[in-house]
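Student: Attaching a single structure in structure tokens format; questions to follow.
What follows is calculated from the coordinates using simple rules that are stated; it is not laboratory data. In this text the structure is predicted, and so the values were computed from the model without any measurement. Here the Cβ positions follow ideal geometry from the backbone for every residue, glycine too, while neighbour counts run over all protein chains shown.
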Amino acid sequence: MHALLVIDVQNDFCPGGALAVAGGDEIVSGINAAMGKFDAVILTQDWHPAGHSSFASVHEGRDPMQVIDMPYGPQVLWPDHCVQGSPGAAFHPTLEIDRAQMIIRKGYNPAIDSYSAFFENDHKTPTGLEGYLRTRSITDLTLVGLATDFCVNYSAVDAAQLGFTVAVQMDLCRAIDFDGSLEEAEKAMRGAGVDLR
Ligand code: VGL
Ligand code: ZN
């Protein structure tokens, strides 16, 4: 069984959003077109409480895109984004979300970020997606979505390390590309055995 895993195609990551990724909206029609080629479609949704610890606004004297040390390791500080229930947290309006069988939310723990669809940024606390995939006999994953260098990257690397066969369809992803993050992400994904196509 082969699933399409659509990462964070949400308004805040598209042009006009709080953490806009250049061209983030350009991938939506291609993702819709790809959905029919898979046994399952799964969406992830970045879903932070207001005042989340990854928001620069809650750290006095800090600005977005600065990196701080958190108990679980370095953390990039972001503009407030994908606040639970806000329009920015909603999926892009033309993404065909009714075709998804599963929507997994992440980043809801106020004290810890969760780039990966599988684990929070402590690399330990599971989201439950692994169990869902295994109980549905899904062995192969193709990832698309936003952003290539953060949530797609972390999800792809974790999936590969968990033993899934993983591909990332790069033309259906867009990157934040901050401080060399895209190049680093591509290296990390390739190193984990992810097929970048
Ligand atoms: C993401 C930064 C913060 C992503 C989510 O979806 O790549 N990036 N939250
Ligand atoms: Zn986030």
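Student: Which far-off residues, 5 or more places away or on another chain, put their amide H under 5 Å from the one on residue 55, with H placed in the peptide plane?
Tutor: Result for residue 55 returns 78.
Student: Measuring from label point to label point, each 7 Å out along Cα→Cβ, what is the residue 183 to residue 137 span in nm?
Tutor: Simple spin-label model gives 4.5 nm for this pair.
Student: Show the residues, 5+ positions off or on another chain, whose built amide H is closer than 5 Å to the amide H of residue 143.
Tutor: Answer set, sorted by chain and number: 5, 167, 168, 169.
Student: Another question about this same structure. Under the rule a/c < 1.5 gives rounded, and otherwise a/b versus b/c splits prolate from oblate, where does segment 58-162 land using the Cα gyration tensor?
Tutor: oblate
Student: Write out the chymotrypsin sites (Phe, Trp or Tyr not before Pro) in segment 14-98 meeting two conditions: DSSP loop, and at most 16 other Cβ atoms within 10 Å of their Cβ.
Tutor: 72
Student: Whole-Hz Karplus ³J(HN,Hα) for segment 117-122, in order, using 6.51 cos²θ - 1.76 cosθ + 1.60 and θ = phi - 60°, x for Gly and Pro?
Tutor: Once rounded to whole Hz, the list reads 6, 9, 9, 5, 5, 7.
Student: Pull out the extension gain between residue 65 and residue 84, defined as 0.36 nm times the separation in residues minus the alpha carbon to alpha carbon distance; nm, one decimal.
Tutor: Value of the extension gain: 4.7 nm.
Student: Once you have a ≥ b ≥ c as the square roots of the Cα gyration tensor eigenvalues for segment 11-121, tell me rounded if a/c is under 1.5, and otherwise prolate or oblate according to whether a/b is larger than b/c.
Tutor: Because a/c hits 1.5 or more and a/b exceeds b/c, segment 11-121 counts as prolate.
Student: Now for a different question. Could you give each residue of segment 162-175 its phi-based ³J(HN,Hα) in whole Hz, using Karplus coefficients 6.51, -1.76, 1.60 with θ = phi - 60°, and x for Gly or Pro?
Tutor: Coupling constants for segment 162-175: 7, x, 6, 8, 10, 10, 10, 8, 5, 6, 10, 10, 9, 10 Hz.
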